Number of protein chains: 2
Amino acid sequence: MKSDDLNTLQWTLARRAERMNPSVIREILKVTEKPGIISFAGGLPSPRTFPIDAFSEACAKVLREDGQGALQYAASEGYGPLREAVASQLPWMVDPAQVLITTGSQQGLDLVAKVLVDAGSRILVETPTYLGALQAFTPMEPEVVSVASDAEGIDVDDLAAKAGTGDTRARFLYVLPNFQNPTGRTMSEARRAALSARAAALGLPIIEDNPYGDLWFDAPPPLPLTARNPEGCIYLGSFSKVLAPGLRLGFLVAPKAMYPKLLQAKQAADLHSPSFNQRMVAEVMKHGFLDRHVPTIRALYKSQRDAMLAALTKEMDGLDVQWNSPDGGMFLWARLPAGMSAVELLPKAVEKSVAFVPGAAFYADNADPRTLRLSFVTASVDQINTGVAALAAAIREAKTA
Amino acid sequence: MKSDDLNTLQWTLARRAERMNPSVIREILKVTEKPGIISFAGGLPSPRTFPIDAFSEACAKVLREDGQGALQYAASEGYGPLREAVASQLPWMVDPAQVLITTGSQQGLDLVAKVLVDAGSRILVETPTYLGALQAFTPMEPEVVSVASDAEGIDVDDLAAKAGTGDTRARFLYVLPNFQNPTGRTMSEARRAALSARAAALGLPIIEDNPYGDLWFDAPPPLPLTARNPEGCIYLGSFSKVLAPGLRLGFLVAPKAMYPKLLQAKQAADLHSPSFNQRMVAEVMKHGFLDRHVPTIRALYKSQRDAMLAALTKEMDGLDVQWNSPDGGMFLWARLPAGMSAVELLPKAVEKSVAFVPGAAFYADNADPRTLRLSFVTASVDQINTGVAALAAAIREAKTA
């Protein structure tokens, strides 16, 4: 036995680590990193929307006026003025004491799983659902069960059928009601009312993830589920889509029954989110900055969605491809003709210099192999036109092959 | 049943959450937040050491030259130039590909526990050990076993006795060899050599935590354990003590056998550490900045240690109190006379406007109630003199009571 083998044998992995896998999307993004490729694959906000000047001013001011505070250890709950700013901008009465600042909303998912999921615990997700949430939950070894979903969101009768009892009783439903990743769909007002009532009747907690809610195009989405039953929901939000993801700042709003344990999990995970970044964002948010800035993101993304819809209508003519028309966010969901597979299409599309994410990656079970996710925010309008034409050509060739 | 009760009953905590508790230190710090108190309790670096001007310049430059990159999503491994800078400053051959940037070294502990600890897994720690590590490990429900330790570090015979076999085989030994938190002690060269050999013979992985190693006063500490057996160790480092904790940046160096799983756990935990902060620190580290900056921290902390040692010698005369003389870092370890309890002394000390952390908080088991941790870096020399006199007065009164 070589010494390398000996050394490897020293390490015994936890059972949960055996279930961790490289992100499918991450692996796809690597494949699609060839020069000149037009990518509809990533979930990256358009860097044109990052308010660099505002951040520059905020950095300089924070370091000048309170550099020592901004660079020191701080409370695990987060920076007081930022917690207040978060509470005041949410569309229901939120006590800042219930706001916990997280290192991106991804961390909120990690904390929720740590506090609520035992090995084997049932948890419920949409069909399809956000891949990053599945990755965050997996280390705590849940039994993930998909609830049937349509264009308006969760099927509440299927929810009741899958909520479980006794040992199989679901710990929570994870749901992303606004401009969902991956489908771009939005839960209707009627469906929200029905879901909120049914979940309360079932005693089923809801984890509501809302990173895209501010990115609406024509009208704001209906009121969050958490606003309808704050004691029965944990709400996750993010600054990644309205300011910038590179600061890794998000937040959660938790009922009093859950806050202390989430806080303890947060403290154990990374002590606190960067105090400097929290002060930068609190500074940038002053004087209604988001009220002026976010509409510029909405207008840009709406024009890009329109460009993609127009290109799809033009290029997919006669190909029997379906797609939806999201009311906000970053993603559009498409479905190939019967018998085709998005996973098999991807390498052919990449040959023609266009990339997407096969939808199968987003299903906890029973994936629909025909689906694919298209981001319309990272590529320019010209790239959207060229890329959709290339995608149509790849589909046409695959159909006739 | 009121509706509040109904709602509370919806939430079922994970078993691990029942084991989470508020940080003892956090609770103590709350008690000691009265105006005018002199605190030897916290583990806060002196804010006088934060290089605010260098950070201001770095922020402006990063945003001016690559704002879009600094504010965008990024790779989970961390920013390439920062990984290279970390690898190049470590005192053994490190491939930057083995460096993972973490959200503070606290996150490194969380990732290690996720990847290596199953519920009931034995893990070994020093006596006493870093409280934050115990908090990070606890959610994964280990059986924590203390290994006997003296002023030079781990007792290697007791280590062998407690390493376990089969199902009780320890997953790792967690050790903080340089200027340990809480004791300030440093593992000697002879002990490191003995520990490294014994651990390798036992096939026992080592998690080596080194946040304070650069803060030596007269001579650098001996070579890290990881340098002696890189395939058998995971090394954790931090920028919190040499630059500033408020950026929440640390790193780990892992062998090839472990890196991929730690990376997957990192991605699930918070996608990546803030790209902006990573570029700031990489920028600040250019052109040998740490070589000029860190000696100023060493000089300051050494003068503060000397002040505390002098004050202790003067004020504790005749009180039968013992203390050590750390060769670096931030903490000094003291022991009260037989029969006294540091937990009982604390409120009496706070009455006299001085605070410390009772040592019992740092033991996984069999705590020594007479011990206490004194930080010498946050208070000024004048405050150290006043505070040590007040502490001596509290001990004197407690002895005669």
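Each reported figure results from applying straightforward, stated rules to the coordinates on display, with no laboratory input. A quick note: this is a predicted structure, and the numbers were derived from the prediction, not measured. Neighbour counts run over all protein chains shown; Cβ positions are idealised from the backbone, glycine included.
Compute the orientation-averaged projected area for the protein assembly as shown from the convex hull of its Cα atoms and round it to one decimal in nm².
Details: hull surface 141.4 nm².
Over all viewing directions, the protein assembly as shown projects a mean Cα-hull area of 35.4 nm².
What's the minimum Cβ distance from chain A to the axis relating it to B, in whole Å, and which residue gives it?
Measuring from each Cβ to the axis, the minimum is at A:59, 2.
Taking Cα pairs under 8 Å and at least six residues apart, what relative contact order does the stretch B:52-287 come out at, in percent? List each step's numbers first, then the result.
Numbers: 413 pairs, mean separation 66.0, N = 236.
The value is 28 percent.
Give me the distance in nm between label points sitting 7 Å out from Cα along the Cα-to-Cβ direction at residue B:303 and residue B:30, one decimal.
The answer from the label model is 3.7 nm.
How large is ³J(HN,Hα) for each residue in the stretch B:311-319, as worked out from phi by the Karplus curve 6.51 cos²θ - 1.76 cosθ + 1.60 (θ = phi - 60°), to whole Hz, x for Gly and Pro?
5, 4, 4, 6, 7, 8, 3, x, 8
At 7 angstrom along the Cα-to-beta-carbon line, where would the label on residue A:52 sit relative to the other copies? Give the distances in nm, shortest first.
Nearest to farthest, the other copies are at 2.7 nm.
Under the rule of -39500 (n - 2.57) per DSSP H run of 4 or more residues, summed and divided by the residues of chain B, what mean residue ellipticity at 222 nm is obtained, to the nearest 500 deg cm²/dmol? All intermediate terms of the calculation are to be shown ahead of the outcome.
Working: 15 runs with 176 residues, N = 401.
After summing the helix terms and dividing by residue count, I get -13500 deg cm²/dmol.
Run through the other copies and list how far each one's label point is from that of residue A:338, in nm with one decimal, shortest first; the point sits 7 Å from Cα along Cα-Cβ.
9.0
Select from the stretch A:301-387 those GluC sites (Glu not before Pro) which occupy a DSSP coil region and have at most 10 other Cβ atoms within 10 Å, ordered by residue number. Before the final figure, lay out the partial values.
Working: sites: A:315, A:344, A:351; in loops: none.
When the GluC sites (Glu not before Pro) of the stretch A:301-387 are filtered for loop state and at most 10 Cβ neighbours within 10 Å, nothing remains.
Per residue and in Å³, how big is the convex hull formed by the alpha-carbon atoms of the stretch B:52-287? List each step's numbers first, then the result.
Numbers: hull volume 28.1 nm³, N = 236.
Spelled out: Cα convex hull of the stretch B:52-287, divided by residues, is 119 Å³.
Restrict the search to the stretch B:12-121; then list the GluC sites (Glu not before Pro) that DSSP places in a loop and that have at most 11 other Cβ atoms within 10 Å of their Cβ.
Values: sites: B:18, B:27, B:33, B:57, B:65, B:77, B:84; in loops: B:33, B:77.
When the GluC sites (Glu not before Pro) of the stretch B:12-121 are filtered for loop state and at most 11 Cβ neighbours within 10 Å, B:33 remain.
Reachable lysines from residue B:352, Cα under 17 Å, same-chain residues fewer than 8 places away excluded?
B:30, B:34, B:399
Choose one of A:103, A:52, A:325: the residue whose Cα lies farthest towards the positive end of the charge dipole of chain A (beta-carbon charges +1 Lys, Arg; -1 Asp, Glu; about the Cα centre).
Farthest along the dipole direction, towards plus: A:52.
Please return the longest stretch of chain A lacking exposed loop sites, where trypsin sites (Lys or Arg not before Pro) count only if DSSP places them in a loop and at most 15 other Cβ atoms lie within 10 Å. All intermediate terms of the calculation are to be shown ahead of the outcome.
Details: sites that count: A:2, A:169, A:256.
Excluding the exposed sites themselves, the longest stretch runs over A:3-168.
When ranked by the protection proxy of mean other Cβ atoms within 10 Å per residue, highest first, what sequence do the peptides A:99-107, B:89-97, A:123-131 form?
Numbers: A:99-107: 27.9, B:89-97: 13.8, A:123-131: 24.3.
Descending mean neighbour count gives A:99-107, A:123-131, B:89-97.
Taking the convex hull of the alpha carbon atoms in chain B, what volume per residue do you get, in Å³? Provide the component values of the computation, followed by the final result.
Working: hull volume 71.5 nm³, N = 401.
It comes to 178 Å³ per residue, whole-number rounded.
Given the stretch B:193-310, what count of lysine pairs have C-alpha atoms under 29 Å apart, with each pair 8 or more places apart or on different chains?
Within the stretch B:193-310, the lysine pair count is 9.
Across peptide B:241-251, how many C-beta atoms of other chains are within 10 Å of each residue C-beta, on average?
Working: counts 0, 0, 1, 9, 8, 15, 6, 12, 1, 1, 0.
So the per-residue partner count for this stretch is 5.
Over the stretch B:283-401, what is the relative contact order in percent, taking alpha-carbon pairs closer than 8 angstrom and at least six residues apart? Kindly include the intermediate steps, with their values, before the conclusion.
Details: 146 pairs, mean separation 34.9, N = 119.
In percent, rounded to a whole number, it is 29.
Put a label point 7 Å from Cα along the Cβ direction on residue A:291, then list its distances to the equivalent points in the other copies in nm, shortest first.
Here residue A:291 shows inter-copy label distances of 5.3 nm.
R0 = 30 Å: FRET efficiency of residue B:165 with residue A:168, Cβ-based, nearest 0.05? Working shown, then result.
On the way: r = 37 Å, r/R0 = 1.23.
About 0.20, to the nearest 0.05.
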